[in-house]
1. Quick one: check the C-alpha center-to-center distance for segment 71-89 versus segment 117-134, whole angstrom.
2. Per 10 Å bin from zero, what fraction in whole % of the C-alpha pairs of segment 146-223 is there, up to the bin with the longest pair?
3. Given H placed 1.01 Å from N in the peptide plane, which residues other than close sequence neighbours of His135 have an amide H under 5 Å from its amide H?
4. Mean separation of Cα pairs under 8 Å and 6+ residues apart, divided by the residue count of the chain: what relative contact order is that in percent?
5. Using only the alpha-carbon atoms of the chain as identical scatterers, what base-10 log of I(q)/I(0) does the Debye formula give at q = 0.08, 0.13, 0.15 Å⁻¹?
6. Once Lys and Arg get +1 and Asp and Glu get -1 on their Cβ, which of Ile108, Val59, Gln129 lies farthest toward the positive end of the dipole of the chain?
7. If you take the Cα atoms of segment 65-194, find Rg, then find the Kirkwood Rh from the mean of 1/r over all pairs, what is Rg/Rh?
8. For segment 50-157, which GluC sites (Glu not before Pro) are both in a DSSP coil and crowded by at most 16 other Cβ atoms within 10 Å?
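We did not get these values from a lab; they are worked out from the coordinates using the rules stated. It should be emphasised that the depicted structure is a prediction, and the values quoted were computed from it without experimental measurement. As a convention, Cβ positions derive from the backbone with ideal geometry for all residues, glycine included, and neighbour counts pool all protein chains shown.
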Amino acid sequence: MRVVLLGPPGSGKGTQAEKLGNRLNLFHISTGDIIREAVNKRTSVGEQIKDFLNRGELVPDSVVLKLLMGIIKKNEEFILDGFPRNLQQAKQLDAVLGEENKELDLVINLKIDEGAILHRLNGRLTCSQCGKVYHIDNLPSGKRCELCGASLYQRKDDNIDIIKRRINVYKESIFPLIEYYRKKGILHYIQGEMSPEKVFRGIMTLIEKRKNEVMEETWLRKN
Ligand code: AMP
């Protein structure tokens, strides 16, 4: 399966992509994580793009594509979280997949309203070691990560002004992208405000259905 998770910042893409990756043995690709790693390691690319990240703006397509395309080519199946973010990126992704006669199987858009995004992101704390995400309203005891015991930190771009900027950036680029996938017939919606478990079950149902369709299509092509 090749799956894309769409949705505004704070819709739960990262949490769901990680769970799905583990459950379905799909490679989880998060462009946000790849970009943060380049910035934290102060690579030359990281130095070029850190200001975009800190302002909550999209990193130029050419840079994201360079960071990502090798990883896409290396992995037969994957779940993408945070990419594509605009129509240009979606077309580039299709072009790269098309070179190897591959295509996306499913695009899932997690819907959530602006108030919920602000609440989630403004209170979000992330583990400094393993990246597990927490909310200030529901911290583990000792305020350290319950999985690895490391300290928690607030992402630099999880402050209210930058969150608002990120939401606007999302709104500016999402509609052509949605339209593109809708026309391809692979776009589905899930209500992202439900509990993470319910969202996960909803996504799994869509994936299982699509898997069966793909198997059927493959069988029909061969027979
Ligand atoms: P995220 O972790 O997905 O919220 O992404 C954090 C930040 O990384 C975004 O605000 C952008 O600055 C950058 N970023 C992540 N994915 C992309 C992308 N596909 N295109 C451009 N910039 C991106």
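1. Segment 71-89 and segment 117-134 have Cα centres spaced 23 Å from each other.
2. 13, 22, 35, 20, 8, 2
3. The answer is Leu125.
4. 29
5. Summing over Cα pairs of the chain leads to -0.29, -0.79, -1.06.
6. Gln129
7. A ratio of 1.02.
8. Glu57, Glu76, Glu77, Glu99, Glu100, Glu103, Glu146
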